[in-house]
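Derivation of every value follows stated rules applied to the coordinates shown; laboratory data play no part. Note that the structure is a prediction, hence the values are computed from the model and not measured. Because the Cβ atoms are built from the backbone with ideal geometry, glycine has one as well, and the counts that use them run over all protein chains shown.
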Amino acid sequence: MPKTNKTLRSQPINLQPEAADLGAVSRATARAVLKQQSAVEAGRRILDLTGENTERDGLRDTPQRFAKAYQALLDGYNLTPEEAVGKGVFPSEGQGLVAVEDVEFYSMCEHHLLPFWGKATVAYFPGEKILGLSKIPRLVDVFARRVQVQERITQQVLDAVQTLIAPRAVMVKVQAQHLCMMMRGVEKQQSQTTTQSIYGFENLQDYEKQQLLRLMK
Ligand SMILES: [Zn+2]
């Protein structure tokens, strides 16, 4: 017997329709096409502002490529945390620390529409449930692939873990570099921004608190 479509279910859902609702399918498709056209138009307008000949070979297809790239960079809107995790919630096997460190991510600063990127560490002490380990990077991507500020990604990942598996405690730490600081403004290349959110620290034993604090360094 072949395995069921567990893998398929955990893929990003992109305008996947309810089975019987064909009207919703065509409405969703029409919305997607309109969005795509608007993004191509936006790319063309930005190029126009440079005064370049936008019909020359190198630029002719750039608006389409721009639209496609931005669709991928911002596809976090197509998925809820629940969909990202799918069936990846399991009964916990113990109470000990679970930590997934240095999950790389790419996001888009909502103030300048310039990229920021870095790594996220998610650590929790389970209650009754645990998350499949691969689900943590998926959760990070759901929130990173939107227009964002780093502080909000940190808090949203924390809230999602809390909602999905109700751990005794959870900590999220994000470190990132921001192109809007590197390429423009203060033009600082080496600075790194760290944000942390924590929930349930008071629920932990002293030795567990120590474990969490070591991860936060
Ligand atoms: Zn910015």
Check your understanding: Quick one: net charge of Asp141's neighbours, Cβ under 15 Å, K/R +1, D/E -1?
Key -> +1
Practice item. Would you mind checking the tilt of helix 150-165 against the longest principal axis of the Cα atoms of the chain, expressed as 0 to 90 degrees and rounded to 10? Key: 50
Review point. Measuring from centroid to centroid over Cα atoms, what is the spacing of the range 139-217 and the range 57-91 in Å?
Key: 21
Check your understanding: When the chain is modelled as a GNM with alpha-carbon springs shorter than 10 Å, which of Asn78, Asn53, Asn203 fluctuates the most?
Key -> Asn53
Study note, to complete from the structure: Helix 135-144 sits off the longest principal axis of the Cα atoms of the chain, rounded to the nearest 10 on a 0 to 90 degree scale, by 40
Exercise for review: For the range 27-79, state which trypsin sites (Lys or Arg not before Pro) are in a DSSP loop and have at most 10 other beta carbons lying within 10 Å of their beta carbon.
Suggested key: Arg56
Review point. What number of lysine-lysine pairs in the chain show an alpha-carbon separation below 16 angstrom, given a sequence spacing of 8 or more or placement on distinct chains?
Key: 12
Study note, to complete from the structure: If one compares the long axis through the Cα atoms of helix 62-73 with the longest principal axis of the Cα atoms of the chain, the angle in degrees, nearest 10, works out at 10
Review point. How large is ³J(HN,Hα), in whole Hz, for each residue of the range 42-56 in order, when computed from phi with the Karplus curve 6.51 cos²θ - 1.76 cosθ + 1.60 and θ = phi - 60°, using x for Gly and Pro?
Key: 4, x, 5, 5, 4, 4, 4, 5, 6, x, 5, 6, 7, 9, 6
Review point. If you stretched the chain out fully between Lys209 and Glu52, how much longer would it get, using 0.36 nm times the residue separation minus the C-alpha to C-alpha distance?
Key: 50.7 nm
Study note, to complete from the structure: Per GNM of the chain with C-alpha springs under 10 angstrom, the most fluctuating residue out of Leu59, Leu131, Leu139 is Leu59
Check your understanding: How long are the three semi-axes of the equivalent ellipsoid of the chain, in whole Å, if each is the root of 5 times an eigenvalue of the C-alpha gyration tensor, listed from largest down?
Key -> 36, 26, 12
Check your understanding: What FRET efficiency, computed as 1/(1 + (r/R0)^6) with R0 = 30 Å and r the Cβ-Cβ distance, is obtained for Gln196 and Tyr70, rounded to the nearest 0.05?
Key -> 0.55
Study note, to complete from the structure: In whole Hz, the Karplus estimates of ³J(HN,Hα) for the range 25-37 (6.51, -1.76, 1.60; θ = phi - 60°; x where Gly or Pro) are 4, 5, 5, 5, 5, 4, 5, 5, 5, 4, 4, 4, 4
Exercise for review: Taking amide H positions as placed in the peptide plane 1.01 Å from N, state which residues far from Arg145 in sequence (5 or more) or on other chains have amide H under 5 Å from it.
Suggested key: Gly76
Practice item. Scan around Lys129 for amide H atoms under 5 Å from its own, H built in the peptide plane at 1.01 Å from N, and keep only partners 5 or more places away or cross-chain. Key: Ser92
Study note, to complete from the structure: Taking placed amide H atoms and a strict 5 Å upper bound, the residues 5 or more places from Leu114 or on another chain that come that close are Cys109
Review point. Say we join alpha carbon atoms closer than 10 Å with springs in a Gaussian network model of the chain; which of Leu47, Leu79, Leu113 then has the biggest fluctuation?
Key: Leu47
